[in-house]
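Read through the structure below, which is laid out as structure tokens, and then see the notes.
The values are calculated or read from the model by the stated rules, or taken from the named source; none is laboratory data. Predicted model only: the values in this text are computed from it and were never measured. Using ideal geometry, Cβ is built from the backbone for each residue, glycine included, and neighbour counts are taken over all protein chains shown. Remember, those area values only see protein heavy atoms, side chains included, never the ligands or the DNA or RNA. Shrake-Rupley method; radii C 1.70, N 1.55, O 1.52, S 1.80 Å.
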Amino acid sequence: MKQLILILTVSAMAFAATENRGTDDISLTLVNDWTALDQIRGLDVYEYGSYFVVLATDIYAMEIQSYEPATGTYLGAVDISSGNTSVYGVATQSNSDTPCFLTNDFDSDTLYYSENMGSGWSTFTNPTGIRGRGMDFDGTHYWTIDIDNGGLWRFQPGGSQQNFPTPELTASSPSGVTTFPYQGNTWIAIAPYSNHFIYFYKWNGTAISFMGYASIPLGGSYYSLGLAFAETNGHMYWSYYASSGETHLAELSFEITALERSSWGSIKHSF
């Protein structure tokens, strides 16, 4: 096993992929952009105190890789389960001396879970089947997105599960997903594979609400591969595959200027 070095961005279906702006109350800023190894996917952030790293899966090396969040430098990796040959999403539980990893597989309905840095893996059935892509952990539950627009799933591995429709994402192949705390609620951000936006939803403990979307401030042709949020600096980390053939890891800041759809501009909050 390789060592993991723990130096550790309104409306509904009317928005087409050719739209060149987002809703006025959410905006994204590109902070950093680095060339990364292979096609790093899924993305998550492991945080322990003020110390954090960006995690990504690599299907070719069959690894969970770690990247330094200020420079995008590759740090090290943990081998995934030998059965996890089409790995995509990764989610970890932060604030623990030893991170716990959950990964999925787009050729299998299996979830893989490890509490010992990849030395051993337990398996569970993925509620999305083989359609799940990015994943995240919100402190109590895991979230994943269905690439065929089967919506968002909130679940416990091997336990309860809930599905929420996301009609705003029709025909956009949802890929990366992350959660973050905002104004006492859990928000979910989704980066579709095939368009240049990030979509935002709010979870109030019972249901999700679509809150808006923001244009990713990057020109050219590319495909989103993963999305994660870091509480330490309030930024998102995003991976994408460029038309040049390179995979990139980028850092995004974002701004939300409304609490509710009915109160645009009433309160401004910047990360």
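If you take the residues in region 191-203 that are part of a strand (DSSP E or B) and not charged (D, E, K, R), which one is surrounded by the fewest Cβ atoms within 10 Å (Cβ to Cβ)?
So in region 191-203, the residues part of a strand (DSSP E or B) come out as 191-192, 197-203.
Next, only the ones that are not charged (D, E, K, R) stay: 191-192, 197-201, 203.
Values: 191: 31, 192: 25, 197: 27, 198: 26, 199: 27, 200: 26, 201: 24, 203: 19.
So, considering only residues that are part of a strand (DSSP E or B) and not charged (D, E, K, R), the one surrounded by the fewest Cβ atoms within 10 Å (Cβ to Cβ) is 203.
Can we say residue 48 is open to solvent by 10 Å² or more (accessible area, probe 1.4 Å) and under 14 Å from the mean Cα position of the chain (by Cα)? Show your work before the answer.
Values: open to solvent by 10 Å² or more (accessible area, probe 1.4 Å): yes; under 14 Å from the mean Cα position of the chain (by Cα): no.
The answer is no for residue 48.
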Taking region 80-129 and keeping residues under 24 Å from residue 172 (Cβ atoms) and open to solvent by 40 Å² or more (accessible area, probe 1.4 Å) leaves 106, 107, 109
Heads up, the strands (runs of 3 or more DSSP E) in region 72-122 (entirely inside) with at least 3 residues that are modelled with pLDDT of 95 or more and either in contact with a Gly (Cβ under 6 Å, 6 or more places away or on another chain) or among the aliphatic types (A, V, I, L, M) (or both) are 74-79, 87-93
Looking at 179, 170, 186, which is the one that is among the hydroxyl-bearing types (Ser, Thr, Tyr) and either farther than 23 Å from residue 101 by Cα or touching a Leu at 6+ places or on another chain (Cβ under 6 Å) (or both)?
-> 170
When you look at residue 139, is it under 20 Å from residue 93 (Cα atoms) and not basic (Lys, Arg), yes or no?
-> yes
For region 51-71, name all the residues that are open to solvent by 30 Å² or more (accessible area, probe 1.4 Å) and either closer than 27 Å to residue 212 by Cα or part of a strand (DSSP E or B) (or both).
-> 51
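Select, from 242, 214, the only residue that is within 18 Å of residue 57 (Cα to Cα), open to solvent by less than 40 Å² (accessible area, probe 1.4 Å) and not basic (Lys, Arg). Before you say what the answer is, go through the steps one by one.
Working: 214 fails: within 18 Å of residue 57 (Cα to Cα).
Just one listed residue meets the conditions, 242.
Restricting to region 204-231, count the residues that are in a strand (DSSP E or B) and not hydroxyl-bearing (Ser, Thr, Tyr). Talk me through it step by step, then tell me what you get.
Narrowing region 204-231 to residues in a strand (DSSP E or B): 208-215, 222-230.
So of that shortlist, the ones also not hydroxyl-bearing (Ser, Thr, Tyr) come out as 208, 210-212, 214, 225-230.
Residues meeting the conditions: 11.
Within region 232-251, count every residue that is small (Gly, Ala, Ser), in contact with a Ser or Thr (Cβ under 8 Å, 6 or more places away or on another chain) and not in a strand (DSSP E or B). Walk me through it before giving the result.
Step one: of region 232-251, the residues small (Gly, Ala, Ser) are 234, 239, 242-245, 250.
Checking which are in contact with a Ser or Thr (Cβ under 8 Å, 6 or more places away or on another chain) leaves us with 234, 239, 242-243, 250.
Cutting the leftovers down to not in a strand (DSSP E or B) gives us 234, 243.
Count: 2.
Quick grid of which residues meet (1) touching a strand residue (DSSP E or B) at 6+ places or on another chain (Cβ under 6 Å); (2) among the polar types (S, T, N, Q):
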residue: 53; (1), (2): yes, no
residue: 67; (1), (2): yes, no
residue: 73; (1), (2): no, yes
residue: 80; (1), (2): yes, no
residue: 107; (1), (2): no, no
residue: 113; (1), (2): yes, no
With respect to the numbered conditions (1) at pLDDT 95 or above; (2) over 24 Å from residue 104 (Cβ atoms), which one is the sole condition not fulfilled by residue 188?
-> (2)
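Scan region 217-234 for residues that are closer than 21 Å to residue 180 by Cα, within 17 Å of the chain's Cα centre (by Cα) and open to solvent by 10 Å² or more (accessible area, probe 1.4 Å) and jot them down. Spell out how you get there, then give the answer.
Residues of region 217-234 that are closer than 21 Å to residue 180 by Cα, as a first pass: 217, 224-234.
Still in the list and also within 17 Å of the chain's Cα centre (by Cα): 224-234.
229, 231, 232, 233 - these are the residues of region 217-234 that are closer than 21 Å to residue 180 by Cα, within 17 Å of the chain's Cα centre (by Cα) and open to solvent by 10 Å² or more (accessible area, probe 1.4 Å).
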